[in-house]
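To start, the structure itself, in structure tokens.
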Amino acid sequence: MKTFDLISMCFRNLFRRKMRTVLTVLGVVIGTCAIIVTVSLGLGMTKIQEDALAQMGDLTKIDIYNRGGGGKDAPVLDDKVLKQISEMEGVEVATPLARADWSAMEFWVGDKFQFSGQVMGIYPEAMEKLGYTMKEGGFLTSGNGKKIPIVMGEQAAYQFYNTKKRDGWVYPYPDQNGKIPDPYVNVMKDEIMLRLGRSDEEKTKLVEYEVQVQGVLVADYSKGWETQDSIFMPIDEMNRMVAEYKKLNKIKESQNNEKGYQSAVVKTTDIKYVESVESYISETLGFSTNSMESIRKPMQQQIKQQSMVLGGLGLISLIVAAIGITNTMVMSIYERTREIGIMKVLGCEVPNIRTMFLTESGIIGLMGGIAGTIFSFGISWVINNWETIKMALGIAGGNSGMGGGFGMGMGGMMGMGGGKVSLIPPWLVAVAVIFGILIGLVSGFTPANRAVKISALEAIKHD
């Protein structure tokens, strides 16, 4: 039997009893809708949650702290360890993010304006990988021995204060006319000098280095507070300056001093790697860590549990739909027993009979899956635009009953991140339609086998 003839016959058979077929398809539609909408709500709430957390911090970033003290067996956070971490699967970059000693380095513009902010040491190549963006100029590069390269935070210029005044600060806040005053220093144009701090009051033998400002960062607290008002310099240059400062001031290393860097940052290529990388750093290497995973994971678990409850209800609907398909096919076989017998007498092969009934049940599942998907998009649109619909219909926000509760629920979730509560990606559509077909085939398997076992002679005698 040709495929086209088979499909045409199946459609004719199904629409002999239009109402029964429509009701059976409706069961699949309801089950498919329940599954799609449930999964779409889970995806939407997860996306909203991740967007909200991303505003608090980078979800793929892990902060490492060297809090082991100076003990003999304490782990050392050094370049060797960071290289080891950077070679792990899923790690994009691992870099120190070390704060310089406040007294070690002083940045001056002339003899009047001194920088009072934080100086951070970092691998130059790590800045772009950490997701920092430049407001002006370019990213940090390695030093060339002549000038010390630095990159400034967006508001770092306001950290230069006038040492000749009692209150020598300029604040980046609008005045009465709404205008933000300019800082004392133009970091991209003024000449900035780095002076090594001296412990003696007269500060004889002043040691200075010329600085090259390579760019100004965009302040982004989700990437780190340091993008606001810090100075970044290559970690090698910072270590060299600190060592020279200690030598200049005859500071000896104490046996109790912590070795290695005080802190570092690791960025993974995807959220899925954060847990395994953080676990390795804390449990295997022995360092203290912090990431958004500790917040994200419990929230995700809660959403998963809610989705499973709703998904269970959807699954029950599909089971009911499967029973409906089975019932429809059994009734169809009973009504067409004589027809089956005639087909066998005329020489129709048994596999063709089985294929015909399986195709009919599969078509029911296909139609239900497609219709269910279309209805799911409509339901998803209503959920995502519920506040607009309420305003258009003049529904008060405090309405009681299911409608009011639904509105409050949707408004609450939308308030988390301002995104869509229900998301239906293409893969979910494909899975829903295929799942509908499989439900139909599985439901029709037993009736189809029953059909092929009917005796031809008995079938012909059947009224």
Examine region 25-40 for a residue that is closer than 22 Å to Lys272 by Cβ, assigned by TED's automatic domain parsing to the domain that holds Ile364, at pLDDT below 90 and buried (at least 20 other Cβ atoms within 10 Å of the Cβ), and state whether such a residue exists.
yes
Can you pull out every residue in region 274-288 that is surrounded by fewer than 20 Cβ atoms within 10 Å (Cβ to Cβ) and within 22 Å of Ala74 (Cβ to Cβ)?
Ser279, Tyr280, Ser282, Glu283, Thr284, Leu285, Gly286, Ser288
Could you look through region 210-225, keep only residues that are out of contact with any helix residue (DSSP H, G or I) (no Cβ under 9 Å at 6 or more places or on another chain) and at pLDDT 90 or above, and pick out the one that is surrounded by the fewest Cβ atoms within 10 Å (Cβ to Cβ)?
Glu210
Going residue by residue through region 135-142, is there one that turns out to be surrounded by 20 or more Cβ atoms within 10 Å (Cβ to Cβ), within 41 Å of the chain's Cα centre (by Cα) and under 20 Å from Val265 (Cβ atoms)?
yes
Only residues that are among the small types (Gly, Ala, Ser) and outside any loop (DSSP other than H, G, I, E, B): list them for region 119-177, please.
Gly121, Ala126, Gly137, Ala156, Ala157
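For (1) among the aliphatic types (A, V, I, L, M); (2) more than 22 Å from the chain's Cα centre (by Cα); (3) modelled with pLDDT of 80 or more, each residue gets a yes or a no:
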{"residue": "Ser254", "(1), (2), (3)": "no, yes, no"}
{"residue": "Gly260", "(1), (2), (3)": "no, yes, yes"}
{"residue": "Val266", "(1), (2), (3)": "yes, no, yes"}
{"residue": "Lys297", "(1), (2), (3)": "no, no, no"}
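The values are calculated or read from the model by the stated rules, or taken from the named source; none is laboratory data. Given the structure is predicted, the values throughout are model-derived calculations rather than measurements. As a convention, Cβ positions derive from the backbone with ideal geometry for all residues, glycine included, and neighbour counts pool all protein chains shown.
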